[in-house]
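Take a look at the structure set out below.
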Amino acid sequence: MSYKVVFHIDWDDDKILNMALGNIENLIKDPSATDSEIHLVSNGNSVRLFRTEFCEENISRIRSLHSNGVRFCLCSNSLIKLHFKRENMIEICEVVPAGIIELCKLQAAGCAYIKP
Amino acid sequence: MSYKVVFHIDWDDDKILNMALGNIENLIKDPSATDSEIHLVSNGNSVRLFRTEFCEENISRIRSLHSNGVRFCLCSNSLIKLHFKRENMIEICEVVPAGIIELCKLQAAGCAYIKP
Amino acid sequence: MSYKVVFHIDWDDDKILNMALGNIENLIKDPSATDSEIHLVSNGNSVRLFRTEFCEENISRIRSLHSNGVRFCLCSNSLIKLHFKRENMIEICEVVPAGIIELCKLQAAGCAYIKP
């Protein structure tokens with residue numbers, strides 16, 4: 001089967017990002033979940049976790065998941081509020097105009113919602 | 001486009017309410033989100049955050065969002081458990097019999113769920 | 001009316017489990033919610049809360065809810081990672097291969113999602 005799912009993180013908490021990445025890694029390697037559509041939307045202070053300077057280990061996990069088709073979306077509203085520049089964020093991340101609207105759109109398109 | 005969404009808060013944590021109100025303020029002022037249907041359901045100890053004595057600044061934000069069509073629902077089960085009276089809660093809030101049932105109904109009616 | 005809903009917990013936090021159990025207890029005794037379909041999915045470190053040695057009071061609440069038709073699902077990935085054996089978990093719990101996939105399936109089947 002293939003699943004459609006969006007993971008949502010908003011707090012600047014490394015433990016929550018680790019939980020989300022572990023959830024997605026398990027989902028991807030599950031033989032029953034081929035061709036799944038997996039998104040992660042980060043808004044609020046959680047965008048801080050996606051700075052290139054932040055954490056080498058997380059960056060390699062995120063790049064690896066992205067190469068397996070996972071989409072990482074950062075909220076532009078949050079980046080602006082925190083004065084973070086696009087070029088300081090992990091390059092594979094997509095900047096979306098508004099994280100909340102992305103979450104609404106994805107659920108309306110049939111994605112399950114999971115908040116780690 | 002117009003979106004349908006319910007925000008859920010349950011912990012007595014001012015930071016979470018601030019996150020939710022900020023999320024809704026961003027959504028309302030987004031030019032792509034006209035005529036959206038926006039609900040917030042508060043149950044558990046989070047109903048404490050909606051007392052009139054609690055916080056002037058939040059009250060004015062909540063009133064302003066309500067005047068823009070946002071519905072604020074407080075769980076009656078939680079109010080009873082905490083011995084809070086209707087007249088001590090912000091007047092624009094709607095008291096629903098059960099917050100969890102409201103969340104079920106709204107999602108069944110097509111609302112996206114967001115837990116800040 | 002009857003509702004379809006899945007509650008999700010993932011942190012090893014007794015307060016969150018208490019909130020979830022209270023939510024479900026209120027839902028079950030609500031006269032408007034007959035014949036509801038209620039699931040709880042536990043993954044991550046939250047599976048620790050379902051060990052038989054953990055907490056007498058919670059075990060009796062969980063058994064009582066189960067006898068009222070509530071399904072409690074523990075993530076096998078999480079049990080393996082934490083070296084917990086099936087026989088040390090509350091006997092009424094069902095072990096599912098992957099908690100995240102269970103959450104995807106249940107939402108795809110029309111369950112509302114609630115994260116206490």
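The values are calculated or read from the model by the stated rules, or taken from the named source; none is laboratory data. On a predicted model such as this, the values are computed, not experimentally measured, just so you know. All Cβ positions, even for glycine, are placed from backbone atoms using ideal geometry, and neighbour counts span all protein chains on display.
Details
- Breaking point among (1) crowded, with 16+ Cβ neighbours inside 10 Å; (2) at pLDDT 95 or above; (3) part of a loop (DSSP other than H, G, I, E, B); (4) not charged (D, E, K, R), for A:Ala33: (2)
- Residue in the stretch B:35-70 that is farthest from B:Leu106 (Cα to Cα), counting only those that are of a type in the set (S, T, N, Q) and within 12 Å of another protein chain (Cβ to nearest Cβ): B:Asn45
- Selection within the stretch C:82-102 - away from every other protein chain (no Cβ under 13 Å), at negative phi and of a type outside the set (S, T, N, Q): C:Phe84, C:Lys85, C:Arg86, C:Glu87, C:Met89, C:Ile90, C:Glu91, C:Ile92, C:Cys93, C:Glu94, C:Val95
- Residue within the stretch B:41-48 that is at positive phi, assigned to a helix (DSSP H, G or I) and surrounded by 13 or more Cβ atoms within 10 Å (Cβ to Cβ) present: yes
- Cβ separations smaller than 9 Å between residues 6+ apart or across chains give the following pairs from the stretch C:93-113 residues that are in a strand (DSSP E or B) to residues that are among the hydroxyl-bearing types (Ser, Thr, Tyr) and surrounded by fewer than 22 Cβ atoms within 10 Å (Cβ to Cβ): C:Val95/C:Ser76; C:Val96/C:Ser76.
- Screening B:Ile114, B:Ile92, B:Ile101 for residues that are within 11 Å of the chain's Cα centre (by Cα), modelled with pLDDT of 95 or more and of a type in the set (A, V, I, L, M) leaves exactly one candidate, B:Ile92.
- Of all residues in the stretch C:49-76, those being of a type outside the set (Asp, Glu) and not in a helix (DSSP H, G or I) number 12.
- Residue check, C:Leu103 surrounded by 15 or more Cβ atoms within 10 Å (Cβ to Cβ) and under 19 Å from A:Ser32 (Cβ atoms): yes
- Boolean, C:Leu79 is away from chain A (no Cβ under 14 Å), in a helix (DSSP H, G or I) and crowded, with 16+ Cβ neighbours inside 10 Å: no
- Scan of the stretch C:6-17 for residues that are more than 11 Å from the chain's Cα centre (by Cα) and at the interface with another protein chain (Cβ under 10 Å from one of its Cβ atoms), ordered by number: C:Trp11, C:Lys15, C:Ile16
- Number of residues in the stretch A:11-59 that are charged (D, E, K, R) and closer than 28 Å to B:Leu17 by Cα equals 6.
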